[in-house]
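The values are calculated or read from the model by the stated rules, or taken from the named source; none is laboratory data. This structure is a prediction, so every number in the text was calculated from the model and none was measured. Here the Cβ is made from the backbone with ideal geometry for all residues, glycine too, and neighbour counts use every protein chain on show.
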Amino acid sequence: MSSSAPASDAAPPPSYRGASFSDRARQYPWLEPLLFVLLTIAVLFARRPDQFLHPYIWVEDGKYVLPHFIRDPWTIVTEPIAGYYIVVSKIIAFLAYTISFRWAPEIEVALVTALTCAVTLAIAYSPTRLPYPKLCALVPLFIPSGAENYAIGLYAFWWAGLLLFLAVLWDKDRGRKGLQLFYIIFAGFSCPLIGPVAITMALRAVLERTRFNAIIAAVSVTIAAIQTYAFYFIYHLELKAPPNIWKLARTMMKQFIGAFFAKESTLVIAEIIIVALALIVWFNRKRLELNFLLLLVLFALNCWMVSQRMTLETLGLIDPLGPGQRYFFYPYILFGWILIWVAYLSNQAAVRGVIALALIWAVVGHAGTALSRRNDVFSWREQVQICTQSENYDLPIHYDGSGKEMWSINLTGAECRSMIEKSWIR
């Protein structure tokens with residue numbers, strides 16, 4: 001006579017025993033996005049630990065946005081900063097100062113971290129033509145530059161701008177056109193990157209000739225025109241005479257390709273890398289598609305855009321691990337995506353292995369400890385408290401993390417007390 005095993009000794013369902021990560025991911029669809037979010041938060045903390053442990057207000061957020069908020073809260077959304085409409089950064093500041101003036105730095109860190117997580121997920125899961133999109137989603141977190149663009153409320157617009165890249169590289173066969181249009185509008189009014197993106201979208205519209213591409217291009221050009229008007233006519237930035245093209249190209253190669261991997265001999269390194277990548281692409285040209293070419297155009301336009309913010313001499317002096325780190329943010333992300341795409345184009349394991357090792361070297365060997373940034377610690381609440389007890393007070397604002405180089409804004413005690421009284425949380 002046969003007997004069955006007791007229920008307590010029964011084998012667990014196959015999905016719970018020996019299941020691979022992909023099996024578990026299918027069973028728990030929220031697991032993989034959650035891991036992306038946790039990794040993003042961990043990287044932000046590692047790169048800017050003091051901004052989590054001792055949050056503070058930085059640069060134009062304190063020097064310009066805060067005075068605008070005190071004078072007229074709604075103007076912080078409508079007035080450009082340094083010639084740009086950076087709506088997402090203004091919204092974060094508006095919410096932080098409205099919810100609690102005393103706790104504004106903590107609120108900003110929470111909001112910009114949430115935005116960074118959302119952008120990371122957008123890169124990983126949006127319907128784009130990026131190969132290995134989940135790997136591409138890690139590139140912004142690990143580019144070999146300093147941590148200037150991480151976990152700072154004002155610099156939220158740099159992260160919002162990445163949505164514009166996704167809109168350009170959209171997979172038209174997978175739909176979600178409304179999401180693509182949202183990326184253009186939201187990020188376009190939040191980031192000056194809309195200028196190069198508008199050119200690229202117009203190029204795509206000409207080459208693909210679809211009605212929706214024409215609409216996207218028109219919207220992009222319109223927003224770019226608004227940003228350009230603010231830049232040249234409200235901010236009054238003067239047009240510069242074009243530099244020597246050959247010198248500009250060599251400087252951009254040195255800074256945005258060679259310096260990705262090393263501090264010395266960067267031009268020679270850049271030339272070797274460009275030749276090697278060109279050969280790989282040529283031998284795999286049958287696998288090329290329009291979106292890869294658009295990515296190259298985006299990279300070139302973003303490098304050129306950086307050159308418009310400074311003289312050619314200054315462009316040669318900025319350093320991804322030193323002064324001017326923020327200007328390497330977009331070029332390095334795009335270059336990282338280019339390397340991943342070239343690896344995708346190649347069917348040779350050796351080529352993919354070399355590119356993988358090169359990326360690992362750039363982050364671990366080249367950048368190393370410079371990926372993280374510490375700063376002198378100040379208590380925002382203590383400074384606000386001093387302001388409330390003073391007739392006039394120069395409220396210190398972080399500029400480069402050094403207590404000796406801080407900016408300041410002059411506020412009256414009445415203004416500080418009024419800010420606290422109007423806060424939702426005092």
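Summary of computed values
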| read-out | value |
| --- | --- |
| Those residues of segment 68-94 which are within 20 Å of R309 (Cβ to Cβ), small (G, A, S) and either crowded, with 22+ Cβ neighbours inside 10 Å or in the same structural domain as M406 (by TED's automatic domain parsing) (or both), in sequence order | S89 |
| Among the candidates A270, A249, A259, A276, residue that is assigned by TED's automatic domain parsing to the domain that holds Q325, within 27 Å of L166 (Cα to Cα), within 20 Å of the chain's Cα centre (by Cα) and not β-branched (V, I, T) | A259 |
| Verdict on S22 being of a type in the set (S, T, Y) and modelled with pLDDT under 85 | yes |
| W337 vs. criteria crowded, with 21+ Cβ neighbours inside 10 Å, over 15 Å from F142 (Cα atoms), of a type outside the set (S, T, N, Q) and outside the structural domain of W58 (by TED's automatic domain parsing) | no |
| Set V37, V119, V65: member being under 16 Å from L141 (Cα atoms) and buried (at least 20 other Cβ atoms within 10 Å of the Cβ) | V119 |
| Of all residues making up segment 378-418, the number that are assigned to a loop (DSSP other than H, G, I, E, B) and within 25 Å of the chain's Cα centre (by Cα) | 5 |
| Where T314 falls short, out of the listed (1) touching a residue at least 12 places away in the same chain (Cβ under 8 Å); (2) part of a helix (DSSP H, G or I); (3) more than 23 Å from C136 (Cβ to Cβ) | (1) |
| From the options F182, F165, F186, F231, residue that is more than 26 Å from S307 (Cα to Cα) and either assigned by TED's automatic domain parsing to the domain that holds Y327 or in contact with a helix residue (DSSP H, G or I) (Cβ under 9 Å, 6 or more places away or on another chain) (or both) | F182 |
| Hits in segment 68-93 (condition: among the charged types (D, E, K, R) and part of a helix (DSSP H, G or I)) | R71, K90 |
| Within segment 288-312, considering residues that are of a type outside the set (A, V, I, L, M, F, W, C) and in contact with a Ser or Thr (Cβ under 9 Å, 6 or more places away or on another chain), the one nearest to I199 (Cα to Cα) | N291 |
| Subset tally (residues that are more than 11 Å from the chain's Cα centre (by Cα) and not in a helix (DSSP H, G or I)) for segment 153-171 | 5 |
| Residue count for segment 401-426, restricted to those that are among the aromatic types (F, W, Y) and free of Cβ contacts under 8 Å to residues at least 40 places away in the same chain | 0 |
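Yes/no matrix, rows are residues, columns are (1) over 20 Å from A187 (Cβ atoms); (2) aliphatic (A, V, I, L, M):
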position: I107; (1), (2): yes, yes
position: A118; (1), (2): no, yes
position: V139; (1), (2): no, yes
position: F142; (1), (2): yes, no
position: G146; (1), (2): yes, no
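Residues are listed down the side, and each one gets a yes or a no for (1) closer than 16 Å to W58 by Cβ; (2) in the same structural domain as Y155 (by TED's automatic domain parsing); (3) surrounded by 15 or more Cβ atoms within 10 Å (Cβ to Cβ); (4) modelled with pLDDT of 95 or more:
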position	(1), (2), (3), (4)
Y393	no, no, yes, yes
G401	yes, no, yes, no
E405	yes, no, no, no
C416	no, no, yes, yes
